[in-house]
Each structure stands twice: as C-alpha cells, then as structure tokens.
C-alpha cells in the first residue's frame, strides 16, 4: 500500500490497542512499532469530576499498565488537537514513562484565541512552548523503526491533525465512524468549509488505510466502534460519503451545529489542554482554580 505521494511505508502494520472512556466517549490508543518495542500514545484522557473539582487518573493508569505489562518503550504522546470534551492525560503519562509530547503547530492560534476567552494574561505563553514538538503539515517522525507523518486537517479546530503511522491513521475529530459523520465546526476558529476540504485530504489516502476515531457515540444503539477504512468512509459516511458536495456539507454542518449544546467539559478541557494537559498555575496560597467565562462560548 506504499504510495509515492506519502512519506511512510503503508505496508507496515502497527499493533493498535484502543482504550474507551465511557464518561467522554473518547478512544485513546497505544500504537506499537511492529519491528521494536517502541510505541506512541494518542489522545490520552485525564479524569475529572467537574462538579466536585476532582482530578483522577484511572484512564491514564490503565494505559501505563498496558505499556509496562508489555515491556514497551514510550517515545511519543500525540495530541490530535486541543480537545474540548476531555482533559489530556499526556503530562501524567509522560511523567511516569517519558516520551515527547507533540501537537499541531497551529496550537498557537488556539492559545491566542482561548487565552483571551479565559483572560489568562501575559504570563500564559501562546507560542506552543508547553509542548515538546509542534508538527507542521507533512512532518515525519519515528516510532522505533516505523515512520509516521502528520497531516494538517483544520476545520473542527485550527490545530487539528491526522497522524499516519504505517497503515493506520488517527483522525482525531476530523471524522467519525461512517454512521456518525463528522464533528462540529462552530467552535472559535472552526469552519465547515475548511473541515470539508480537510476531510477530502483524508479520503484521498489509500482506500485500505485503517482509520481510528477519537470519539464514538454508538448512533442508533449500535455497539461502540472506532476502526474503519478510507474506502468505507468514502462510500458510506453520512455527512461526506457517496459524492456529497462541499455546498451540501457546509449547509448541513452549519444548520446542525446551530442546534448543538456546548460539550459538558469544554470549560475545564480548553484551559487544561491548551497548556499541554497541565492545570493552571496555583495561586499564592497553593490552590489551583479553573475559570468559568460568562457568555463567552
């Protein structure tokens, strides 16, 4: 499946282990290089009881245990974008196991936007320096002997990226399963037309490339699922498949987004995730607080 247009060998078949978080309908992944013990973690979750203001790490601990039990070496922690529906567990995992934490280079746009929303002041750095690596469109990196590359796929957020690792691609919120369609495009910095164009970049990948979702909600009562293929999405995706046009998508996405409530965890998620999964700095008494901007989202 190796294509001359792509900088990775798509005949390489990484081992992919998914971890589903029912509280946020998020799927995190451990992706192992088949030729070594090296691995990456994609879109990890930190648990929060928002009503109680309590942070815990059950999801992250499950991933850590899996990596340790299988004698894997963590080289990368990948965030496909700044999530608005769950908090990242990446810094916690990194503290335990090492590895580099990476996100798309347009994180700076997200930090600028939400730095203002949350009135963070000049002490909040808006240059992406909280992360170890800022990926540009087309950048390559190694997980053991396996080459991976990043594709810029804005629209849901400016910093969204798809990461292709061998014959597997991790699409973040750019796409859902075929019967789930696509993610909203009405957050600050989102754009339905840009999202459609980004999805077309994904659908231009080889038909048998495996696609792994960041979220699934089991539409129409089906079991939770998170793996499909480019070919299945092209043929069956209810929002973009079967030849649906750009204008059709923009009209549908715009009208649908206008009916959606904000994600339950958007306020804590954005404050934490734009800091690479770290909590805001403690005040002079040593206490940490999250802000609730009024009438800003």
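Return a whole-number percent for the relative contact order of the chain, with Cα pairs under 8 Å and 6 or more residues apart as the contact set. Could you put the intermediate results ahead of the total?
Numbers: 646 pairs, mean separation 53.3, N = 297.
Once divided by the residue count of the chain, the mean separation gives 18 percent.
With label points built 7 Å along Cα→Cβ from the Cα atoms of residue 35 and residue 17, find their separation and express it in nm.
The two pseudo-label positions are separated by 2.2 nm.
What is the gain in length, in nm to one decimal, between residue 51 and residue 284 on full extension, counting 0.36 nm per residue of separation less the C-alpha to C-alpha distance? Walk me through the numbers before you get to the answer.
On the way: separation 233, 0.36 × 233 = 83.88 nm, distance 2.38 nm.
Stretched fully, the residue 51-residue 284 segment lengthens by 81.5 nm.
Subtracting the Cα-Cα distance from 0.36 nm times the residue separation, let me have the gained length for residue 225 to residue 246 in nm, one decimal.
Net length gain for the segment: 4.9 nm.
Which order results if 230, 82 are arranged by neighbouring Cβ count within 10 Å, fewest first? Spell out each step's value before the answer.
Working: 230 20, 82 28.
With the sparsest Cβ surroundings first, the list reads 230, 82.
Arranged by the count of other C-beta atoms within 10 angstrom, fewest first, what order do 76, 226 take? Before the final figure, lay out each step's value.
Numbers: 76 24, 226 19.
Arranged by neighbour count, lowest to highest, 76, 226 become 226, 76.
Based on other C-beta atoms within 10 Å, arrange 161, 262, 151, 274 from fewest to most.
Working: 161 30, 262 13, 151 22, 274 26.
Sorted ascending by nearby Cβ count, the order is 262, 151, 274, 161.
Taking Cα centroids, how far is the range 14-37 from the range 97-117 in Å?
Going from one Cα centre to the other spans 22 Å.
Hey, if you drop one equal point scatterer on each alpha-carbon of the range 15-273 and run the Debye formula without solvent, what base-10 log of I(q)/I(0) do you get at q = 0.07, 0.15, 0.16, 0.17 Å⁻¹?
Log10 I(q)/I(0), no solvent term: -0.22, -1.10, -1.27, -1.45.
Given the rule -39500 (n - 2.57) for each run of at least 4 DSSP H residues, summed and divided by the residues of the chain, what is its mean residue ellipticity at 222 nm, to the nearest 500 deg cm²/dmol? It would help to have the intermediate numbers written out before the result.
Working: 7 runs with 70 residues, N = 297.
Counting only the DSSP helices, I get -7000 deg cm²/dmol.
I'd like the antiparallel share, as a percent to the nearest 5, of DSSP beta bridges with both residues in the chain.
Given both bridge residues lie in the chain, the antiparallel proportion sits at roughly 70 percent.
Can you classify the range 216-260 as rounded, prolate or oblate using the Cα gyration tensor, where a ≥ b ≥ c are the square roots of its eigenvalues, rounded means a/c under 1.5, and otherwise it's prolate if a/b beats b/c and oblate if not?
Values: a/c = 3.02, a/b = 1.24, b/c = 2.44.
Since a/c reaches 1.5 but b/c is at least a/b, the shape of the range 216-260 is classed as oblate.
If you average the alpha carbon positions of the range 264-289 and of the range 166-198, how far apart do those two centres end up, in angstrom?
Between the Cα centres of the range 264-289 and the range 166-198 lies a distance of 26 Å.
Assuming R0 = 30 Å, what is the FRET efficiency of residue 291 and residue 260, from their Cβ-Cβ distance, to the nearest 0.05? Display every interim value, and only then the final one.
Details: r = 23 Å, r/R0 = 0.76.
Working from the Cβ atoms, E equals 0.85.
Taking the Cβ-Cβ separation of residue 140 and residue 62 as r and a Förster radius of 30 Å, what is the calculated FRET efficiency to the nearest 0.05?
Once the sixth-power term is evaluated, E becomes 0.50.
Rule-based calculations on the coordinates, nothing more; no lab input. Quantities reported herein were computed from a predicted structural model and do not represent experimental measurements. All Cβ positions, glycine included, derive from the backbone under ideal geometry; neighbour counts span all protein chains shown.
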